[in-house]
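K.L.:
Here it is, the structure, as structure tokens.
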Amino acid sequence: MLILGIDTATPQVGCAIGGHEGVLASFHAARGRRHAETLVPAIQFICQQTHIELSEIGAIAVDVGPGMFTGLRVGVATAKAMASSLRIPMVGVPSLDLLAFPARWTDRRIVSVVDARRGEVFYCFYRQVPGGIQRLSELQVGSPRQLCSEIQATGEECLAVGDGAIRYRDELEELHRVEIGEAGNAYPSPGSLVQLAHARALREEFVNSWELEPLYLRKADAEINWQTRAPQTKGTR
């Protein structure tokens, strides 16, 4: 089965095609945040390079977040529209899983950290298991200080990956038991998305397009701003 993977949950826009042969082609770009303008041409490009027609795709995988509200909405909406049009199933994979997957060779506890802005991060803990990774916690949102406290409580050496780990490097490295992952792995990989989705497809862990929902973990910035201003607005009337 060929799988098309779509990843727009972070500042990076990415897509990939692959199956039992592995990843056949992938694309990613992390500048400009032009998710809507970049995604569809990128999908067309990797299809052309692999000589694969969309009619040959057997499932669509998508990064369901948590991440940037606007980017996440673009990716999920595009993936659902394509799956509905092609009448094929979907696989949703969290962005934090995708960050941890390339680090699965380490013996240390893996901490995936996505910059959530507003002084917060999305994060989750993982460990290596045969064939991949296993979650050790819930997907969470909190302050860097809260994350540091939870890392310290584990008493283990950790490898922190993701743009959130890079942004809050100073705070994390003060713990002395934390190594920060490479900048090249700061964002979820569309190739990892295809690999994880293929394993789930073999187990027939599909969802229908109308059942898939993004994982926001908190309200959109615009909604937060409106709620923050609302009491002030009422007070001036």
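K.L.:
Which residue pairs have Cβ atoms under 6 Å apart, sit 6 or more places apart or on different chains, and have a first residue in region 63-78 that is in the same structural domain as Arg34 (by TED's automatic domain parsing) and a second that is polar (S, T, N, Q) and surrounded by 23 or more Cβ atoms within 10 Å (Cβ to Cβ)?
P.N.:
Asp63/Ser95; Gly65/Ser95; Gly67/Thr10; Gly67/Ser95; Gly71/Thr8; Val74/Thr8; Gly75/Thr8
K.L.:
Give me the strands (runs of 3 or more DSSP E) completely within region 132-199, filtered to those with at least 1 residues that are over 14 Å from the mean Cα position of the chain (by Cα) and within 30 Å of Leu2 (Cβ to Cβ), ordered by residue number.
P.N.:
132-135
K.L.:
Do you know which of the residues in region 113-149 that are of a type in the set (Val, Ile, Thr) and more than 15 Å from Arg169 (Cα to Cα) is surrounded by the most Cβ atoms within 10 Å (Cβ to Cβ)?
P.N.:
Only one residue tops the list, namely Ile133.
K.L.:
A follow-up question, please. Go over the candidates Ile60, Ile46, Ile52, Ile6 one by one and state the one that is part of a loop (DSSP other than H, G, I, E, B) and β-branched (Val, Ile, Thr).
P.N.:
Ile52
K.L.:
Residue check, Asp115 against (1) farther than 18 Å from Leu4 by Cα; (2) of a type in the set (Asp, Glu); (3) not assigned by TED's automatic domain parsing to the domain that holds Leu159, all met but one. Which one?
P.N.:
So the condition that Asp115 fails would be (3).
K.L.:
Something else: For region 95-112, state whether one or more residues are buried (at least 24 other Cβ atoms within 10 Å of the Cβ), part of a strand (DSSP E or B) and of a type outside the set (Ser, Thr, Tyr).
P.N.:
yes
K.L.:
Give Ala16, Ala9 a once-over and let me know the one that is of a type outside the set (S, T, N, Q), closer than 15 Å to Gln195 by Cα and surrounded by 23 or more Cβ atoms within 10 Å (Cβ to Cβ).
P.N.:
Answer to the selection: Ala16.
K.L.:
Just for region 70-90: of the residues that are β-branched (Val, Ile, Thr) and in a helix (DSSP H, G or I), which one is surrounded by the fewest Cβ atoms within 10 Å (Cβ to Cβ)?
P.N.:
Thr70
K.L.:
While we're here: Taking region 174-198, which residues are surrounded by fewer than 14 Cβ atoms within 10 Å (Cβ to Cβ) and at negative phi?
P.N.:
The answer is Glu174, Glu182, Ala183, Gly184.
K.L.:
Mind listing whichever residues of region 25-46 are surrounded by fewer than 18 Cβ atoms within 10 Å (Cβ to Cβ) and under 19 Å from Leu98 (Cα atoms)?
P.N.:
Scanning region 25-46 gives His28, Ala29, Ala30.
K.L.:
Also: For Gly131, indicate whether it is at positive phi and assigned by TED's automatic domain parsing to the domain that holds Val178.
P.N.:
The answer is yes for Gly131.
The values are calculated or read from the model by the stated rules, or taken from the named source; none is laboratory data. This structure is a prediction, so every number in the text was calculated from the model and none was measured. For neighbour counting, all protein chains shown are included, and Cβ atoms are generated from backbone atoms with ideal geometry for every residue, glycine included.
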